[in-house]
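Q: Right, I'll just put the structure down here and ask away after.
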Amino acid sequence: AQNSLSGEIPLSLGYRPSLRAVVLANNRLTGPIPPFLSNSSSLEYLDLTENSLGGVIPYALLNSMSLETIALGLNNFVGPIPDLSQPNSPLQYLILQSNNLIGPIPSSLGNLSSLIWLSLGNNSFEGIIPASISKIPNLQLLDLTYNLLSETVPASIYNMSALTYLGIGRNGLVGE
């Protein structure tokens, strides 16, 4: 982290089957997320924050059964958040702020029962805030600022007992 590394993430890094953490934040990396990062069965921590990585976020990455932290903020990722099909995911930190992500926020995020931080601010998400997010029992941070969300905030969000930070500013929300 915090070097002047540039170019794409080398595929040779994937030949390390016991790799548990990859921290390449604050560099000048480009290109997509290599498939080996999405398909690793040992990787628990992935921090690619503040680079120039792009493309879509791989479906397999968000449906990993080993990743506890996915930090992809401040990059150039595009498209929607892939739907989540792993309800028993160990994912605790999902940080996707400041990209070019679009579409609705998937209601399947509410199935991430281990999630502690959900940071989706500064993208172009539209539609509603899914009420299913309020089912995440230990969610402490929910950042949805600077998006295109509309309608009302689900009342169940205000009743989340573990929530200590709620960011919903700079959207098109209405109501109480």
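Q: Obtain the nm distance between the two label points defined at Ser107 and Lys135 by a simple spin-label model: each point lies 7 Å from its Cα along the Cα-to-C-beta direction.
A: Spacing of the two 7 Å Cα→Cβ label points: 0.9 nm.
Q: Mind checking the alpha-carbon convex hull of the chain and giving the volume per residue in Å³? Could the numbers behind the result be given before it?
A: On the way: hull volume 17.1 nm³, N = 176.
So the per-residue hull volume is 97 Å³.
Q: Summarise the accessible area of the stretch 13-110 (1.4 Å probe, protein heavy atoms) by the percent that is carbon and sulfur.
A: On the way: 2240 of 4100 Å².
Accessible surface attributable to carbon and sulfur in the stretch 13-110 totals 55 percent.
The values are calculated or read from the model by the stated rules, or taken from the named source; none is laboratory data. Predicted model only: the values in this text are computed from it and were never measured. No Cβ is skipped: glycine too gets one built from the backbone with ideal geometry, and neighbour counts run over all protein chains shown. These area figures cover heavy atoms from the full protein model, side chains too; ligands, DNA and RNA do not enter into them. Shrake-Rupley method; radii C 1.70, N 1.55, O 1.52, S 1.80 Å.
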